[in-house]
Amino acid sequence: MTNLLKNLIYPVASNNKKRLKEHFSGKWVVITGASHGIGKELTYKLIESKTNLYLLARTEAELQKICQDAENAGCHARYYAIDLRDRNELDKLCSKLKDELPQVDYFFANAGKSIHRKITDALDRLHDFDRTMDLNFRSMVALSLALQPALSKQKGCIIYTSAVSSLYPSAPGWSAYHASKAAANTWCETADAEWKSWGIRMKIAYMPLVHTQMSDVNKTYKNMPAYSASEAADLLLRLSLNNRHTYKPWWARMSAPIAYLLSPLIRFTYRNCIKA
Ligand SMILES: NC(=O)c1ccc[n+]([C@@H]2O[C@H](COP(=O)([O-])OP(=O)(O)OC[C@H]3O[C@@H](n4cnc5c(N)ncnc54)[C@H](OP(=O)(O)O)[C@@H]3O)[C@@H](O)[C@H]2O)c1
């Protein structure tokens, strides 16, 4: 029963390895959040496809090992260990990238952090909002601006890992996370329209639940059916290969518009049934 439910809600999206290799071999790809979870799985799939990589995250030992594995597999690989919430460090990285990467084919803006805390529990925690916005929104924008000329040269593509929950009416407890994802979604949509003339495409993956260290912190999520990080990486790769502008799970395509129609009822329930 659990397997049936898993296959129905999370249908597997495998990619043809030969096609991936034909597409990605020799290309330059920048990935944030490459040290763990979805980003790490994505990185290893790209290594198999002989892709050249520029990897970003905080955990230097992990990035170093992945780069070594990439070099051993015949790829060019570089990394920069950085806390993407640190604005000074991010400025330095952006200047460096302009010199170091003259051509970029893909930028997977994947690093992110979720936070679940009610606003009433965050009255003295403005930093919750700053940190979440800085990582999930601002760092993606800063790196997109810095990489714009290099992406334009290659008629490249930016793929943002968003969250399916940002397609539904806002739920209590998720103000920081959803605000950051919604801001990033809007920015990507706008850039897609504005940057068409530069040849740059923007794509958004509205990811459902994926078992990673980020989601598995929550015991309820840990026991729920979900994609594995490897399956989620396949979804990102499939989005990069096809002509679609977004990835959304099939059930979200149907239920999100209905949820918006029902939003007065949903808001009423949240206001009256959820304790502050
Ligand atoms: N898991 C889910 O259920 C789910 C659902 C929807 C959307 N998503 C999105 O998917 C993306 C990847 O998440 P994941 O589930 O793979 O989580 P994860 O396993 O926790 O990986 C997060 C990645 O982001 C990096 N990162 C975190 N904070 C950072 C910081 N301050 N500076 C630089 N890098 C940082 C981490 O590396 P370091 O710790 O080494 O810095 C790690 O490589 C996120 O954008 C998340 O919002 C996940």
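Throughout, read-outs are computed from the coordinates displayed, never taken from laboratory work. Computed from a prediction, not measured in an experiment: that's the story for all the values here. With ideal geometry, Cβ positions are generated from the backbone for all residues, glycine too; neighbour counts draw on all protein chains shown.
Just one of (1) surrounded by 14 or more Cβ atoms within 10 Å (Cβ to Cβ); (2) more than 20 Å from the chain's Cα centre (by Cα); (3) within 11 Å of the ligand (Cβ to nearest atom) fails for residue 70. It is (3). Checking each residue in region 209-246 for being of a type in the set (Ser, Thr, Tyr) and part of a loop (DSSP other than H, G, I, E, B) picks out 212, 215. Could you tell me whether region 46-56 includes any residue that is under 19 Å from the mean Cα position of the chain (by Cα) and among the acidic types (Asp, Glu)? No; the residues of region 46-56 include none that is under 19 Å from the mean Cα position of the chain (by Cα) and among the acidic types (Asp, Glu). What are the residues in region 107-135 that are surrounded by 15 or more Cβ atoms within 10 Å (Cβ to Cβ), more than 16 Å from residue 181 (Cα to Cα) and within 16 Å of the ligand (Cβ to nearest atom), if any? The answer is 107, and nothing else.
When you check residue 244 against the structure, is it surrounded by fewer than 16 Cβ atoms within 10 Å (Cβ to Cβ), away from the ligand (no atom under 11 Å from the Cβ) and in contact (Cβ under 8 Å) with a residue 12 or more places away in the chain, yes or no? When the stated conditions are applied, residue 244 passes them. Per the conditions (1) assigned to a helix (DSSP H, G or I); (2) within 14 Å of the ligand (Cβ to nearest atom), the sole criterion not satisfied by residue 54 is (1).
Just give me the residues in region 178-202 being in contact with a strand residue (DSSP E or B) (Cβ under 7 Å, 6 or more places away or on another chain) and within 14 Å of the ligand (Cβ to nearest atom), in sequence order. Result: 181, 184, 185, 188.
Would a scan of region 20-31 turn up a residue that is in contact with a helix residue (DSSP H, G or I) (Cβ under 8 Å, 6 or more places away or on another chain), within 12 Å of the ligand (Cβ to nearest atom) and within 13 Å of residue 233 (Cβ to Cβ)? Within region 20-31, one or more residues are in contact with a helix residue (DSSP H, G or I) (Cβ under 8 Å, 6 or more places away or on another chain), within 12 Å of the ligand (Cβ to nearest atom) and within 13 Å of residue 233 (Cβ to Cβ). Whenever a residue of region 173-192 is on the phi > 0 side of the Ramachandran plot, its partners that are surrounded by fewer than 17 Cβ atoms within 10 Å (Cβ to Cβ), lying with C-beta atoms within less than 8 angstrom and at least six residues away or across chains, give the pairs 173/116; 173/117; 173/118. Within region 193-214, the set of residues being over 24 Å from residue 114 (Cβ atoms) and in contact (Cβ under 8 Å) with a residue 24 or more places away in the chain comprises 195, 198, 199, 200, 201.
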